[in-house]
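Asker: I'd like to ask you about the structure that follows.
Readers should treat all values here as calculations from the given coordinates under stated rules, not as data from a laboratory. On a predicted model such as this, the values are computed, not experimentally measured, just so you know. Cβ atoms come from the backbone with ideal geometry, glycine included; neighbour counts cover every protein chain shown.
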């Protein structure tokens, strides 16, 4: 029986029907329809073994679990519905993780703020920690430690800004320790101190200098959700609103990546996601992709997985070597896979905003080229059967109305591409952490129009992508596809009834219409900055 139990809420302890990007559905509130409907659609229950250990668990938690086990500590990840088997009683420490404890990160803060309701991830996090077994264990002295990418939400500063967060934390008797940053090494000593009843620092922020080296990062021992495997950490682009850019860039060698691919495939996983903040940069020390590094990585992944996706890629990365994407697609798309998805941070359509808040995002190109780069990159991806989820940030401190209008213009120019456009409220992270949140009541009319336009585009393209996205084998395929078709129709009806439907008057058909011109000419080369 483990002394140290790791867990997360139900929205994270799910494989989202084998579709990682369906996890975004857990960042919305349960609106009109009962929560059970959203659970069936976006976070079905994870399978567990006889001990309540999940078949798959979030990758970051698997890393911490492996780090503790490597240090000789009796630790395991337990499904949130099975915590009662270990507490009160055997478990001395409960460690919790999450992507968004209180719905403060994008896109949760956006959807929750627009609908004036708590998103599903927030509701389920609170439900996790208010289970009777957890409260009883706390009353008997069990330690409670929190971490993960949203640990900043438990900081004293956040609790002062948002009293309701502080009230919830106080109702639990507080946390014994909260850790921000890459804790692969630090967590071992912290847990040893907790087991020995020594003093624990209430809140720790690990700096970039304390980030572990590749050889210090443990290899997962048990399967990760949807076969996700990390290939590197950090980002060199330096966007002011992003916390990832504060970390040094490190790439895993192929043998380390292969060890984790083996862990996942041994359990029967045949679909996986390669994760870094820009997969296209794998093995590169700068902003120029290296095919001698990237292509062997993809070939390795296809040896183990039938289907391989990417977590993130940057527009400028793709356009530095557009022909390389075709080589990637030739490796990945075969008789078992005919497309793959990726998240792309577009953020704005304004060259001025690129210069003001994210000058590194466009390197090695000029900021003035950004809107055309985005459109050409979208065409490049669609031509190679890559379907992006593109995020936009609304309410950056430097943003003007003209910047928002340029973003709307960019959305119109992307109107017929196979992509999902996701507008998100600005959240004070990275170098802008001292700024304030963007909120619904601060939205200008033109920002509201941006949301309507992006929402309409997303619903419209979701119908197109549905055929590609849901290709499960077996008897449930038709049922799931029908359920999501019905849900998209439900969203469209709500949007039209509430005046949220907005289509462009003159979308730019001269750029590309992939539905009409599937075999368009190759992308022209965009000149690099001197």
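Asker: Label residue 405 and residue 299 with points 7 Å out from Cα along Cα→Cβ: what is the distance between them in nm?
Answerer: My value for the distance between the label points is 5.2 nm.
Asker: Now for a separate question. Taking the beta-carbon count within 10 Å as an exposure proxy, list 62, 250 from fewest neighbours to most. Could you put the intermediate results ahead of the total?
Answerer: Values: 62 25, 250 16.
Placing the least packed residue first, the sequence is 250, 62.
Asker: So, one more: Could you work out how much longer the chain between residue 323 and residue 208 gets when fully extended? Use 0.36 nm per residue separation minus the Cα distance between them, nm to one decimal. Write down the numbers at each step before the final one.
Answerer: On the way: separation 115, 0.36 × 115 = 41.40 nm, distance 3.44 nm.
Length difference between fully extended and current span is 38.0 nm.
Asker: Another question, if that's okay. Kindly provide the pair-distance distribution of region 96-217 built from C-alpha pairs, with 10 Å bins from 0 and whole-percent values in order of increasing distance.
Answerer: Reading the bins upward from 0: 12, 40, 34, 13, 1.
Asker: On a 0 to 90° scale, report how tilted helix 370-383 is relative to the longest principal axis of the chain, with both axes built from alpha carbons and the result rounded to the nearest 10.
Answerer: Tilt of helix 370-383: around 80 degrees.
Asker: Right, here's the next one. Rounded, prolate or oblate for region 1-155? Axes are the square roots of the Cα gyration tensor eigenvalues, ordered a ≥ b ≥ c, and the cut-off for rounded is a/c under 1.5. All intermediate terms of the calculation are to be shown ahead of the outcome.
Answerer: On the way: a/c = 1.75, a/b = 1.59, b/c = 1.10.
The shape class here is prolate.
Asker: Starting with the fewest neighbours, write out 275, 457, 116 ranked by other beta-carbon atoms found within 10 Å of each beta-carbon.
Answerer: Numbers: 275 20, 457 26, 116 8.
Ordered by Cβ neighbours within 10 Å, fewest first: 116, 275, 457.
Asker: Sticking with this structure for a sec: Among rounded, prolate and oblate, which fits region 228-469 when a ≥ b ≥ c are the square roots of the eigenvalues of its C-alpha gyration tensor, a/c under 1.5 means rounded, and a/b larger than b/c means prolate? Provide the component values of the computation, followed by the final result.
Answerer: On the way: a/c = 1.86, a/b = 1.50, b/c = 1.24.
Prolate, because a/c is 1.5 or more and a/b exceeds b/c.
Asker: Where does the chain land at 222 nm, in deg cm²/dmol rounded to the nearest 500, when only DSSP H runs of n ≥ 4 count, each adding -39500 (n - 2.57), divided by all residues? All intermediate terms of the calculation are to be shown ahead of the outcome.
Answerer: Working: 17 runs with 195 residues, N = 530.
Roughly -11500 deg cm²/dmol at 222 nm, from the helical runs in the chain.
Asker: Between helix 322-332 and the chain, what is the angle of the helix's C-alpha long axis to the longest principal axis, kept within 0 to 90° and rounded to the nearest 10?
Answerer: Relative to the chain, helix 322-332 is tipped by roughly 60 degrees.
Asker: When the chain is fully extended, how far beyond the present Cα-Cα distance does residue 480 get from residue 193, taking 0.36 nm per residue of separation?
Answerer: Working: separation 287, 0.36 × 287 = 103.32 nm, distance 4.75 nm.
Separation in residues times 0.36 nm, less the Cα-Cα distance, equals 98.6 nm.
Asker: Got a sec? Which residues in region 104-135 would a label at residue 171 touch, if it sits 7 Å along Cα→Cβ and we count backbone N under 13 Å?
Answerer: Taking a point 7 Å out along Cα→Cβ of residue 171, the residues of region 104-135 whose backbone N falls under 13 Å are 123-132, 135.
Asker: Using Cβ contacts closer than 10 Å as the measure, can you line up 167, 409 from fewest to most? Let's see the in-between values first.
Answerer: Numbers: 167 10, 409 16.
Fewest-to-most ranking of 167, 409: 167, 409.
Asker: Right, next: How much of the DSSP beta bridge set in region 4-209 is antiparallel, as a percent to the nearest 5?
Answerer: Restricted to region 4-209, the bridges split so that about 5 percent are antiparallel.
Asker: Turning to a different aspect of this structure: If you build the convex hull over the alpha carbons only and average its shadow over all orientations, what do you get for the chain? Give it in nm² to one decimal.
Answerer: Working: hull surface 93.7 nm².
Hull-based average projected area comes out at 23.4 nm².
Asker: Follow-up. Taking the highest mean first, how do the peptides 67-74, 371-378 order by number of other beta carbon atoms within 10 angstrom per residue? Don't jump to the answer; show the numbers that get you there.
Answerer: Numbers: 67-74: 17.0, 371-378: 22.1.
Ranking the peptides 67-74, 371-378 by packing returns 371-378, 67-74.
Asker: In nm, to one decimal, how far is the residue 31 label point from the residue 493 one, both placed 7 Å along Cα→Cβ?
Answerer: Each label point is offset 7 Å from its Cα along the Cβ direction, giving 1.5 nm.
Asker: In addition: For Cα pairs less than 8 Å apart in space and 6+ apart in sequence, what is the mean separation divided by the residue count of the chain, i.e. the relative contact order in percent? Display every interim value, and only then the final one.
Answerer: On the way: 950 pairs, mean separation 60.4, N = 530.
About 11 percent, as a whole number.
Asker: Relative to the longest principal axis of the chain, what angle (0 to 90°, nearest 10) does the C-alpha long axis of helix 477-497 take?
Answerer: The answer is roughly 70 degrees.
Asker: Using only alpha carbon pairs under 8 Å that are at least six residues apart, calculate the relative contact order of region 228-469 and give it in whole percent. Could the numbers behind the result be given before it?
Answerer: On the way: 427 pairs, mean separation 44.2, N = 242.
Relative contact order for region 228-469 comes out at 18 percent.
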